[in-house]
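One structure below.
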Amino acid sequence: MAKRIVFVNQATGYLTIDVINEFAEEFDEVALITGSIRIQERPLDSSVRVSYITKYNRGSAFKKALSWIIGTIQIYFLLILKYKNFEKFFFTIPPTAYLIALCLKSQYSITVFDLYPEALKAFGLREKDLLYKWWSAKNRRIFSGAHKVYTLSKNLEYEIKKYSPIVDIHVIENWSAFSGYKPLKKEHNRFRNDVELKGKFVIQYSGNIGITHNVETLVEVAKKLKHHKDLIFQIIGRGERSNVIQALIKRDELSNCQILPFRKDDDLFESLCAADLAVITLDNKTSDISLPSKLYNIIAAGLPIMAIAPSNSALSEIVSNFKIGRTFKNEEIREMCEFILKLKDDEVLKQRMISNTLEASRKFTFKNASMYLMHYLEKNPTIN
C-alpha cells in the first residue's frame, strides 16, 4: 500500500519545509495544506502537492483569530474530501486545526510550537473559562490518540504530559534559517552603515511587536540610558503595539531609539549581524509553553542575548546553559542597564559570549529535521 501523508501549516516557513523534505524521500505521496510558503534557504521538494487556504493574518487579535477559524474550516474539508486516506501531520498554526483530528479516522501526529489554550492566557483567558475547559478536554483526547507528538523543549513536554502522561513526545530543538552562515563583520555590514550606526553599541529587538512581546520594557531601559550617547536601541518589526511603542519613544524624547520596519528575508541576517546585543522578550503568562523561533536566528548571527523572561523558562535555560547572555525579569530595569554597560565596556566578556553563541549554533541546524522522520518511523513504545 502506498505511504501517503499530508502536512498542515497555515504559515509554512523553513522549519516546515525542512521537515517535509525529509518525509518526501520516504513517502510515496506527500502533500501540504497551507496559506503561504515562505522560502528562505531550501526550497520545498517539487514532488510535494500543495493545497492553499486563507493566509495566516498577523494583524490584530480579531483578524488573527478570524484567519484561524476560516483556515480550520478549509483544512477540515480538504482533509475529508481530498486527503481522506492520508496520514495527517499537524503543526499548531492555526492552533485550532489539530482539533480536527477527533473527526478523522486516519493516523495523525502533531508538532506543538505553542501550547493552546494556555497561550491564550496572554489575552485574558482564564482556566475557569468555558473555552479553556472545552479546549483542555479536547487536548486530553487528542494527545492520547496521536501517533507522535513533537515539541521544542522539556518545559513544553512537561505541560503536554499534564494532558496525557502516556503520550509519545519527542523534544526536537528548532534551528535557524541561516544554518551554516558566517556572521558579517560590522565594518562590512551595509545595514549598519545605511542606518548610521557607526561608533554605536547597538541593542536590537527584531520581530513582532504584539501584546505578548512586552517591548515597553526595552523602551524603559532606553529611557534610563538616554544620556549614554554611544548606545542606540533599535526596534525592528511590526504588530498591533507598534504605535504604542512609537508614542512612548516620542513622549520621552528618546533620541537613542530607532524604529525600523520589519526586514525582508533578504535583509534579515544582515540586520541581525548589525547588532552588538540582541533582545528577546517572553510574556510571563506563556513562558512555560512558548519558545521564540527568533532565538535560533540570533544564535546563528553570533550575538550575545539579553532575555527578558522568567528564570524558569526554556529560553532562560538555553541562554544560561550555553552562557550566551543573561536573563532578567521585567522589573529588573537597573540590572539590565548595568549588563548593557558592562558588555559595552568589557570586550573580553563580549567576545566570550560571541564565541559561546557560535559554538551553540552548531547544535541548532537544519539537520535536526531528520529526527522528525526518524522518530515518526519508530513504533510507539508499549505502555504498561
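The values are calculated or read from the model by the stated rules, or taken from the named source; none is laboratory data. Remember, it's a predicted structure, so these values are computed and weren't measured experimentally. Note that each Cβ is placed from the backbone with ideal geometry, even for glycine, and that neighbours are counted across all protein chains shown. Remember, those area values only see protein heavy atoms, side chains included, never the ligands or the DNA or RNA. Shrake-Rupley method; radii C 1.70, N 1.55, O 1.52, S 1.80 Å.
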Largest first, what is the accessible-area ranking of K105, K88, K344 with a 1.4 Å probe?
K105, K344, K88
Of the listed links K84/K285; K64/K198; K198/K294; K198/K223; K161/K264; K185/K363, those spanning more than 28 angstrom between alpha carbons are K84/K285; K64/K198; K161/K264
Report the percentage of all Cα-Cα pairs in the range 56-154 whose separation exceeds 19 Å, rounded to a whole percent.
44 percent
Work out the charge dipole of the chain with +1 on the Cβ of Lys and Arg and -1 on the Cβ of Asp and Glu about the Cα centre, then indicate which of L120, Q234, A222 is farthest towards its positive end.
L120
What spacing in nm lies between the two simple spin-label points modelled at S36 and Y158, each 7 Å away from Cα in the Cβ direction?
3.5 nm
Per-residue accessible area for D267 at 1.4 Å probe radius, Å² rounded to 10?
60 Å²
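So, with +1 on the Cβ of K and R and -1 on the Cβ of D and E, and no other charges, what is the size of the charge dipole of the range 17-115 about its Cα centre, to the nearest 20 debye? Spell out each step's value before the answer.
Numbers: 11 positive and 10 negative charges, 144 e Å.
Result for the range 17-115 is approximately 700 debye, rounded to the nearest 20.
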Solvent-accessible heavy-atom area per residue, rounded to whole Å², over the chain at 1.4 Å
47 Å²
I need the shape label for the chain. Rule: rounded when a/c is under 1.5, else prolate if a/b > b/c, else oblate, with a, b, c from the alpha carbon gyration tensor.
prolate
Using a 1.4 Å probe and ignoring any ligands, DNA or RNA, find the accessible area of C103 and quote it in Å² to the nearest 10.
90 Å²
Of the listed pairs K133/K367; K323/K367; K138/K379, those with alpha carbons more than 26 Å apart are K133/K367
CD proxy at 222 nm, helix term only [per DSSP H run n ≥ 4: -39500 (n - 2.57); per residue of the chain; nearest 500]:
-11000 deg cm²/dmol
Label the range 123-254 by shape, choosing from rounded, prolate and oblate, from the square roots a ≥ b ≥ c of the eigenvalues of the Cα gyration tensor; if a/c is under 1.5 it is rounded, and otherwise prolate applies when a/b is larger than b/c, oblate when it is not.
oblate
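Counting only protein heavy atoms and a 1.4 Å probe, tell me what percentage of the chain's accessible area is made up of carbon and sulfur.
Details: 9200 of 17960 Å².
Answer for the chain is 51 percent, counting heavy atoms of protein chains only.
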Mean Cβ-within-10 Å packing, highest first, puts peptides 28-34, 189-195 in the order 28-34, 189-195
When only the heavy atoms of the protein chains count and the probe is 1.4 Å, how do V221, V244, V348 rank by accessible area, highest first?
V348, V244, V221
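Could you sort K63, K161, K379, K264 by their accessible area in this structure, using a 1.4 Å probe and putting the largest first? Mind dumping the intermediate values first?
Details: K63 115, K161 70, K379 185, K264 150 Å².
Final ranking, largest accessible area leading: K379, K264, K63, K161.
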Alpha-carbon centroid distance for the pair the range 286-322 / the range 166-219, whole angstrom:
11 Å
